[in-house]
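The values are calculated or read from the model by the stated rules, or taken from the named source; none is laboratory data. Model, not experiment: these values are computed from the prediction. For neighbour counting, all protein chains shown are included, and Cβ atoms are generated from backbone atoms with ideal geometry for every residue, glycine included. To get the accessible areas, we keep the full protein, side chains included, count just its heavy atoms, and leave off ligands, DNA and RNA. Shrake-Rupley method; radii C 1.70, N 1.55, O 1.52, S 1.80 Å.
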Amino acid sequence: QVQLVESGGGLVQAGGSLRLSCAASGRTFYYAMGWFRQAPGKEREFVSSITWNGSTRNLAESVQGRFTISRDNAKNTVYLQMNSLKPEDTAVYLCAMKITPGASYDYWGQGTQVTVSS
């Protein structure tokens, strides 16, 4: 049984910062952890991902230079540091775990709301 729990979302003014956390339980090993976001009326969008050993880190072009992904394997937690937030960053942010390389993400968290006001 795998459970992913996000935290750190909230309401912030444009230009502000938030750090999201995703704590994983129920599984020790995985291939990658990722962050996605979904705004009302829009499809789910990839934000960032990181492999278990940190060898590969991906970041969507829309957030490059502003967001940073990191992980603490000892705590089985992945983070998303979000700086210089814009109103268009407003969305539900979802954490996901991928077990097998080349496959789809297997487990998803419930999401945490990020709202950026102007």
Taking the range 1-17, which residues are assigned to a strand (DSSP E or B) and open to solvent by less than 30 Å² (accessible area, probe 1.4 Å)? Leu4, Glu6, Gly10, Val12
For residues that are surrounded by 15 or more Cβ atoms within 10 Å (Cβ to Cβ) and in contact (Cβ under 8 Å) with a residue 40 or more places away in the chain, tally how many sit in the range 52-80. 5
In the range 24-41, residues that are part of a strand (DSSP E or B) and of a type in the set (S, T, N, Q) total 2
